[in-house]
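Have a look at the structure below, then the notes.
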Amino acid sequence: YQALDEVWRIEQTEEEVQAVFAQIRSTDQLIQNGSFAAGVRYNDTGGATSTVWNLSGRYDFMPGLYAQGILGTSFLLPNAEQLFVIEEFWYLGNPDLEPEESENLNLTLGGDFSAGPDLSWSATYFHRNIKNLIDGASFADAGIDTSMPYRGLDISGAAGQYDGVFFNVDGEVQVRGFELFG
């Protein structure tokens, strides 16, 4: 991609991303009161490749009560800001960022009330394991030596000029949660 931003100063550069995907979905005649889908996508940036997939399904136990679930993987490329921003008083972009990759699970039980006004509800549990999470941090926390130029910029007096840099968090970040909707 090429980036031009009216707010941020973005270093002029290009990147190509190629992707191929396929999906299959059930029909209403295959499973009474239920449906499912499966998909797969292959991504190639020229520097990073990834194959992601997902399975999803929903089953209606009776009118007004259903269960649904999604299981899969994700791949998130860094955006232009995270890669190439050079704005003062902000995190500097990092062209060496790796894409985020994750494994995901969502399980939902929900329904609606047919008596009276339209009221619906759902309870969802989610579970994610994320590798290479992209975050912003001080140069020291990101392991960057401020006595050396970074991307051709003098960051030795970076305190006050730049807040830090975007970087990939080491290890795996685990996110667990529960959501109630009404």
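The values are calculated or read from the model by the stated rules, or taken from the named source; none is laboratory data. What you are looking at is a predicted structure, and each value in this text was computed from that prediction instead of being measured. Here Cβ is always computed from backbone atoms with ideal geometry, including for glycine, and neighbour counts include all displayed protein chains. The area values use the complete protein model at the heavy-atom level, side chains included, leaving out ligands, DNA and RNA. Shrake-Rupley method; radii C 1.70, N 1.55, O 1.52, S 1.80 Å.
Couple of notes before you dig in:
- If you go through region 140-178 and keep only what is in a strand (DSSP E or B), closer than 19 Å to residue 85 by Cα and β-branched (Val, Ile, Thr), you end up with just 165.
- Residue-level analysis places residue 59 outside the set of residues that are in contact with a Gly (Cβ under 9 Å, 6 or more places away or on another chain), surrounded by fewer than 15 Cβ atoms within 10 Å (Cβ to Cβ) and in a strand (DSSP E or B).
- Count of residues meeting criterion [in contact (Cβ under 8 Å) with a residue 24 or more places away in the chain and closer than 14 Å to residue 109 by Cβ] in region 46-77: 11
- Only strands (runs of 3 or more DSSP E) whose full extent lies in region 73-139 are considered here, and the ones with at least 3 residues that are surrounded by fewer than 16 Cβ atoms within 10 Å (Cβ to Cβ) and modelled with pLDDT of 90 or more are 100-113, 119-131.
- Number of the condition not met by residue 53 [criteria: (1) out of contact with any Ser or Thr (no Cβ under 8 Å at 6 or more places or on another chain); (2) open to solvent by 70 Å² or more (accessible area, probe 1.4 Å); (3) at negative phi]: (1)
- Remark: pairs (first residue in region 162-182, of a type in the set (A, V, I, L, M); second residue assigned to a strand (DSSP E or B) and open to solvent by less than 100 Å² (accessible area, probe 1.4 Å); Cβ separation under 6 Å; 6+ apart in sequence or on different chains) = 165/91; 165/92; 169/135; 173/130; 175/128; 180/123.
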